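Nothing in this text is a laboratory measurement; each read-out follows from the coordinates by a stated rule. Given the structure is predicted, the values throughout are model-derived calculations rather than measurements. No Cβ is skipped: glycine too gets one built from the backbone with ideal geometry, and neighbour counts run over all protein chains shown.
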Amino acid sequence: MRGVPRYAPASSTLSAEVFALKFGLQISSFTWPGGPEAIAPTLARIVRTADDVGFDSIWVMDHFFQIRSVGRPEEPMLEGMTTLGWMAAHSQRARLGLMVGGVPYRHPGLWVKATTALDVLSGGRAWFGIGAAWNQEESAALAFPFPPLGVRFELLEDTLRIAHGMWTGERGSEEDFEGRHYHASRLLNSPQALSRPRVPIMIGGGGEQKTLRLVAQYADATNVFGGPEKIHHKYEVLRRHCEAVGRPFEEIERSTLQSVHVHPTGAEGAETPQQVTDRFAELGDAGAQHVLFGLRDVWQTDKIGLLGETLLADLRSL
């Protein structure tokens, strides 16, 4: 896979072991043949296939309705944390996470306890994906809180600080916590996460003033959207935030979320596996270390296998 450089994110995202470009599969639609009764076995088959062919991570969205860029609101959508538990039972090696969690949907302690449970039950394979959220329509429809954007960022920072406290030591922090919106008297977390020094934290979004600053202060990974030029710019903004807070830029894994429509011959407007490989090589050259992508018609697991035989095989040959 020419053009893909080697970087230094670790399997836990926190060590300095040299690693080649990594891949994550985002499952963003549950509109599959067979209706609701077929969702569970189909999801299990998708996850097993992705895990077997070598994907480094597998993700689902944290939404309650289908989002407009994927389908109609009435299309099936599963609650994210429950779904990750099912996925953990049908996989063995890939890390699992939300791409990304909407911070207003759960209180900070619940966010950390639920993610810790996923980490313990999966054998140390959880991601904590989190962001400020954006879909006001679904929140209004289901009575989920959706405060103004500035408040959501304050909630996000409180949640990140509480996560650091709860994932401290053997059972969390004994110190009081005072945030903008939350007070906690004891950040007890037992059992503690298996991932060390903590479950890796990924913040989604490319906002240059707030989101990327929070990544520099609290996160282990960033996730941004767009083509090579755009994501390179976002990573450089993150670098400047890291310099401002005195944190090594190399500690943060750089990921990007993309989409793929693949066919062996490129029929029906799809890309060929080689075209996908070349496109992702350009993302690697732009600084991406972990490419996450949604795959159209992911229930057709032969497409996952096809990418495993081409894209992931090329990575292993580096």
Exercise for the section: Using θ = phi - 60° and the Karplus relation 6.51 cos²θ - 1.76 cosθ + 1.60, list the HN-Hα couplings for region 86-100 in order, rounded to whole Hz, with x at every Gly or Pro. Expected result: 4, 5, 4, 6, 10, 8, 10, 10, 5, 6, 10, x, 8, 10, 10
Fill in the blank from the handout: Taking Lys and Arg as +1 and Asp and Glu as -1, residues besides R180 with C-beta under 10 Å from its C-beta add up to -3
Completion exercise
Scalar couplings 3J(HN,Hα) for region 22-35 by Karplus 6.51 cos²θ - 1.76 cosθ + 1.60 (θ = phi - 60°), nearest whole Hz, x for Gly and Pro, are 10, 10, x, 9, 9, 9, 10, 9, 10, 8, 10, x, x, x
Problem - Spatial separation of Cα centroids for region 245-296 and region 117-153, in angstrom - result: 24
Fill in the blank from the handout: As a percent rounded to 5, the proportion of antiparallel DSSP bridges among beta bridges in region 22-316 is 10
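Once you sort the root eigenvalues of the Cα gyration tensor of region 22-316 as a ≥ b ≥ c, which label holds: rounded (a/c under 1.5), prolate (a/b larger than b/c) or oblate (the other case)? Could you put the intermediate results ahead of the total?
Numbers: a/c = 1.59, a/b = 1.35, b/c = 1.17.
In terms of gyration-tensor shape, prolate.
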Handout entry: Proximal lysines to K22, defined as alpha-carbon separation beneath 22 angstrom and excluding residues fewer than eight positions away on the same chain
Key = K230, K234, K303
Fill in the blank from the handout: Amide H contacts under 5 Å for I58, restricted to residues at least 5 apart in sequence or on another chain and with H modeled in the peptide plane, are L25, R95, L96, G97
